[in-house]
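This report concerns only the one structure given below.
The values are calculated or read from the model by the stated rules, or taken from the named source; none is laboratory data. Fair warning: this is a prediction, and the values are worked out from it, not measured in the lab. A quick note on method: Cβ atoms are made from the backbone with ideal geometry, for glycine too, and the neighbour counts reach across all protein chains shown.
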Amino acid sequence: MCPNCDDFARTVLLLGQLALYGDTDGADFDFIEIVGASLAASLPEPPPGTFPPGFDPNSGPPYPGEEA
């Protein structure tokens, strides 16, 4: 596995585990907010082949409240 692939997979796994932790009783939501944002910001570029050829992650339908 390429170095970026390993980093990407590990970071996505940590984000998933953090989401699961958020569903537990007594979860610290300040911790989740801070660590989740840090993990998301640290995501490297996705490994080649993650998205189909020609995929543009910046295109798609507008989110609610966004101008089209």
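Going residue by residue through segment 44-62, is there one that turns out to be at pLDDT 90 or above, more than 15 Å from the chain's Cα centre (by Cα) and hydrophobic (A, V, I, L, M, F, W, C)? The answer is no; no qualifying residue exists. Scanning segment 11-32 for residues that are within 14 Å of the chain's Cα centre (by Cα) and either outside any helix (DSSP H, G or I) or surrounded by 12 or more Cβ atoms within 10 Å (Cβ to Cβ) (or both) returns T11, V12, L14, L15, L18, I32.
Would you be able to say whether some residue in segment 31-47 is touching a residue at least 40 places away in the same chain (Cβ under 8 Å) and touching a Phe, Trp or Tyr at 6+ places or on another chain (Cβ under 6 Å)?
Looking only at segment 31-47, we keep the residues that are touching a residue at least 40 places away in the same chain (Cβ under 8 Å), and these are 44-45, 47.
Add one more test, that the residue is touching a Phe, Trp or Tyr at 6+ places or on another chain (Cβ under 6 Å), and what stays is 44, 47.
Among the residues of segment 31-47, at least one is touching a residue at least 40 places away in the same chain (Cβ under 8 Å) and touching a Phe, Trp or Tyr at 6+ places or on another chain (Cβ under 6 Å), which makes the answer yes.
Just the residues that are surrounded by fewer than 10 Cβ atoms within 10 Å (Cβ to Cβ) and among the polar types (S, T, N, Q), please, taken from segment 39-59. Across segment 39-59, the qualifying residues are N58, S59.
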